[in-house]
Amino acid sequence: MTARRIVMALAAPVSAFAFSVLISSAVLIAVGTNPIDAWAEMLSFGMRLETLIETSNRATPLYLAGIAVAVGFRMNLFNIGVEGQYTIAALLAASAGAAVSLPAALHILLIIAVAMIVGSLFSGFAGYLKVTRGVHEVISTIMLNAIAWAMVGYLMRTWLADPDDTTLNLKTREIAESGRFPNLNGLLEAFTRDIKGGRELGGFILVAVVVGIIFHLYLTRTRSGYDLRITGLNPFAAEASGVDPKATVVRAMLLSGAVAGLIGLPEILGDDFKYDLSFTKGLGFAGIAVALIGRNHPAGIAVGALLFGWLDSAAPILDVRGDAPREIVSILQGVVVLSAVVAYEVVSRVRQAQEARDTAIATAAQTDTGSDQPEGEVGA
Amino acid sequence: MLPAPAVELTGITKRFPGVVANDDVHIRVAEGEIHAVVGENGAGKSTLMKILYGMLVPDEGQMTVDGDEVSFSSPGEAIDRGIGMVHQHFMLADNLTVLENVILGAEPVKRGAIDLEAARTSLEELGAAYGLDIHPDDMVETLEVGERQRVEIIKVLYRGAKILILDEPTAVLVPQEVEELFRNLRELKVQGHTIIFIDHKLTEVLEIADTITVLRAGRTVTTVDAGDVTAQELAELMIGGDLPSPSTATHQIDDHVTLSLAGVSVTDDDEREALSDIDLTLHRGEILGVAGVEGNGQGELIEAILGLRPTAGGSLTFNGEDISDWSVRRRRESGIGYVPEDRHRRGLLLDAPLWENAMLGHQTVEPFARGSLIDRSGARDATEAIVSQFDVRTPGIDTTARALSGGNQQKLVIGREIAADPLLLIAAHPTRGIDVGAQAAVWEELRRVRAEGLSLLLVSADLHELIGLADRLVVMLGGRIVAELDPAETTPRLLGSHMTGADATNGESSS
């Protein structure tokens, strides 16, 4: 029973992995590359310390994005607006951080708070529209993305750009030293070797881990998290059990947006210390894919984020060596998402059927003991 | 020599891993008869019908149709031999018309296009031939349940079925629709069709069937003529023991008013008045039965009391307090329990483990919660207690609710509500779709908690259940209470006439 449960738990990720390797190999063959060589190259490059650091740095915002999307998904809310929420949150947080000078910890906390509040308000607005006007959140969040981008452009041209800047690259003023998030190079080097090439292991990964743990505890251990989860499982039963559906929608959107606000911070606090035109885009949409791979579970999302981060960091070697164009990364990521979605669906159906059968067997055994003595109490 | 039977099943055995669903089953269905197959849930009726309809292949045994030995590997082959099945859950496309639904998958084609005119003609001929009242151009979504069932029957006839299998056809029907169905079935019989009828409502079976085969635990118990057996005897054959009945034990009803509604009105989703001026009182230790044809305001009444639907007027008093403005959660925390009419829709989280289902509706109170946190160990212990006290048959409390049989799911829902020790329990169709044994257990439990002072609002379509359990009965019609009756002096027939408004002059008294 337990052995089978472990097999079942591993069946989905393993088959998704095998399937995506297979399809990706076919793609590589199609572009004229020997897949075995390509995989070997990616693996050897991908296992270097510097690539792994890069993986972690890329996975951190992806993980936060995945969690932000998953908060909504867990109650069947599709927050497509994570993209816009984190962009506007990053801009305002970076500006707020540059505008003040505070002791280190407070300074960082202030920036984090601003980002979470902005993200949360932006996303909460979509929740508000849903419960008061019946606007579907997919529509409103997509439109709010466009509004967010327009606002970012406007604010950058008017009030928030660094007036002393003479380059064409618009940017906000830099955040002072006290508002920068420390890296973990010292900690890592204590266990490994010196890190080459001036790379830094971003410290924000610790925040991401904490967010993942809080997300898990919130869903499984709190009443509020239970209400959110059961609304996703069965909104009618949830309402009859006393859950206020409107309040839960707004709460979920606020929480989702608050996490979304954090997505841009590894870059703002740990790398650039400002918002500029080269600020990373697309993390919110990537977060949807990561949440899908991770089945909205914090541990699964971590796997998805690390996998995406690793492909981002390791696959460009194929381009460098002239084996395959760099777009191959996006193809690989797409294949992983599809395989994961299909594999999990198949495995969950198999598991459901199996459980129904196990239960039938177990209860049939109980019924049998009853029918041996037809004079006794039946079904009571 | 006797004519060959329309269908004969000999020695049918079907095993699933660990379970023998059918064990050496013998059934002989004569041509042109209505043959009922009865048995408790899990007795093997559905498996047997799936075998006959080609959805399952038996491990052993022979089937003959009209004397020829057959073996079906798909429903298509069964249809070719003139066997059709009307499923319990209708398989109709809501957004197509009756005509389109009937021909779906068997469209008459003329020059590469669907020949709707030919289809309409043959549909109208069918309707006329069998006295089936049908409007080909109605959208299925606008039809009543009984009409949808008629469409299903026509669908089967359109495909040329001579042998019809009906799987619990009356489970979803109100009494008047049942009569209509029976009239249609008798007509089909006159025209030479053979009907196999699966049911566990014994009075209905006795009314419609010529021959009855009883299954128990996968085996054929016996086959009897409907004229030679009583409902009591049938039930005993089904469960293999003495039958419990919902008889009322004498007990004391308190003066204390648990729930009172004064002049309550409610509008439905389309802003029409669904409840008008309802006055009700429910005392401590009393069971108030609410009878009525479905859709006459019972659902809205429940929703108004629970707070799922706002009241448009009047006042709701629970235990001395006006609760009209209270949230659902506050009402439930203050002691209102709820057994919903549709456990899958409002009562369960099918994909969650049993222990999370057991806390549904009680997730804010002990033993399921401590402060704003979930008390996992408290919840699990409480679930274990519910499972053992209410005999929920499950491998464990981590099993998902979906895996349980309907009867066990219902026992979990009822157990959870009763274990929470409510002051008022609203139970809608608490024994619908569960077998005789589980039904008796539920009745027993409801009587026990009533004796302990619980007030029960019982909405049911099972008139015997209402008469047998309730201390007082009200009848709802068109969103109003049209009669109040003493169950000791009422009969299903009298109740039925109040429900349809046929007997408005006799015994009307607004409460």
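Some observations on this one:
- Ranked by how many other Cβ atoms sit within 10 Å of their own Cβ, fewest first, the residues B:Met476, B:Met91, A:Met151 fall in the order B:Met91, A:Met151, B:Met476.
- Beyond 23 Å in Cα-Cα separation lie the following of the pairs B:Lys50/B:Lys155; B:Lys50/B:Lys201; A:Lys130/A:Lys274; B:Lys110/B:Lys162; B:Lys14/B:Lys155: A:Lys130/A:Lys274; B:Lys110/B:Lys162; B:Lys14/B:Lys155.
- Hydrodynamic radius (Kirkwood) for chain A, which is based on Cα pairs only, to one decimal in Å: 23.0 Å
- Angle between chain B longest axis and helix B:406-419 axis [Cα atoms, degrees, rounded to 10]: 0 degrees
- Bridging of A:Lys196 to aspartates and glutamates at a Cα separation below 16 Å is possible for A:Glu50, A:Glu54, once same-chain residues fewer than 8 apart are set aside.
- Residue-averaged beta-carbon neighbours from other chains (10 angstrom radius) around B:344-351: 5
- Value of [θ]222 nm, deg cm²/dmol, for chain B, DSSP H segments ≥ 4, -39500 (n - 2.57) each, nearest 500: -9500 deg cm²/dmol
- Shielding of A:352-361 by partner chains, average beta-carbon count, 10 Å: 6
- Angle of helix A:245-262 to the longest C-alpha principal axis of chain A, folded into 0 to 90 degrees and rounded to 10: 40°.
- Per-residue Cβ neighbour rank within 10 angstrom, fewest leading, B:Leu157, A:Leu168, A:Leu188: A:Leu168, A:Leu188, B:Leu157
- Computed over every Cα-Cα pair of segment B:64-122 and binned at 10 Å starting from 0, the pair-distance distribution P(r) comes out as 18, 37, 32, 13, 0 percent.
- Per-residue average of Cβ from other chains inside 10 Å of A:241-249: 5
- Bins of 20 Å, starting at 0 and running to the largest distance - Cα pair percent for the protein assembly as shown: 12, 36, 33, 16, 3, 0
- Cβ-to-Cβ counts within 10 Å put A:Lys246, B:Lys14, B:Lys162 in ascending order as A:Lys246, B:Lys162, B:Lys14, the fewest first.
- When you restrict to C-alpha pairs under 8 Å that are six or more residues apart and normalise by the size of chain B, the relative contact order lands at 14 percent.
- If you plug the beta carbon distance of B:Gln389 and B:Gln176 into 1/(1 + (r/R0)^6) with R0 = 41 Å, you get a FRET efficiency near 0.55.
A short reminder: the numbers here are calculations on the coordinates, not readings from a lab. Nothing here was measured: the structure is a model prediction, and the numbers come from that model. For neighbour counting, all protein chains shown are included, and Cβ atoms are generated from backbone atoms with ideal geometry for every residue, glycine included.
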